[in-house]
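Enquirer: This is the structure, below, for whatever I ask next.
The values are calculated or read from the model by the stated rules, or taken from the named source; none is laboratory data. Computed from a predicted structure; not experimentally measured. Neighbour counts are summed over all protein chains in view; Cβ atoms, including those assigned to glycine, are modelled from backbone coordinates with ideal geometry.
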Amino acid sequence: MLRINKIMSEIEDWQNRPLSAVYPVIYIDAIHYSVRDNGIIRKIAAYVILEINTDGYKEVLTIRIDENESSKYWLSVL
């Protein structure tokens, strides 16, 4: 349980980090996966927004899992 608490603490720090004012390059995409859920295989979408900062390093801005890719989600992001 101690390890989970440490991981959750790091996740919360990542979620609450300050964002930059400028992102020169942003990639947005959804990756589709097949997952087993209660013995049934179904597709899910992992929305990923990745940026390249002004120092040239890649950073993940967000990852969100949903039932499928939708234009409504991308509209809310953009």
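Enquirer: Quick one: ILE11 ticks every box in (1) loosely packed, with under 10 Cβ neighbours inside 10 Å; (2) aliphatic (A, V, I, L, M); (3) part of a helix (DSSP H, G or I) bar one, so which box is it?
Expert: (1)
Enquirer: Show the residue pairs that are 6+ apart or on different chains and have beta-carbon atoms under 7 Å apart, the first residue being within segment 54-72 and β-branched (Val, Ile, Thr), the second being surrounded by fewer than 10 Cβ atoms within 10 Å (Cβ to Cβ) and at pLDDT 85 or above.
Expert: THR54/VAL22
Enquirer: Further question on the same structure: Considering only residues that are hydroxyl-bearing (Ser, Thr, Tyr) and over 21 Å from TYR73 (Cα atoms), which ones fall in segment 1-60? Before you say what the answer is, go through the steps one by one.
Expert: Of the residues in segment 1-60, the ones hydroxyl-bearing (Ser, Thr, Tyr) are 9, 20, 23, 27, 33-34, 47, 54, 57.
Selection gives SER9, SER20, THR54, TYR57.
Enquirer: Given (1) part of a strand (DSSP E or B); (2) surrounded by 11 or more Cβ atoms within 10 Å (Cβ to Cβ); (3) among the hydroxyl-bearing types (Ser, Thr, Tyr), where does SER34 come up short, assuming only one miss?
Expert: (2)
Enquirer: Is segment 58-76 home to any residue that is exposed (fewer than 10 other Cβ atoms within 10 Å of the Cβ) and at pLDDT 90 or above?
Expert: From segment 58-76, those exposed (fewer than 10 other Cβ atoms within 10 Å of the Cβ) are 67, 71-72, 75-76; that's our starting set.
After this cut, where a residue has to be at pLDDT 90 or above as well, the list is none.
No, because not a single residue in segment 58-76 is exposed (fewer than 10 other Cβ atoms within 10 Å of the Cβ) and at pLDDT 90 or above.
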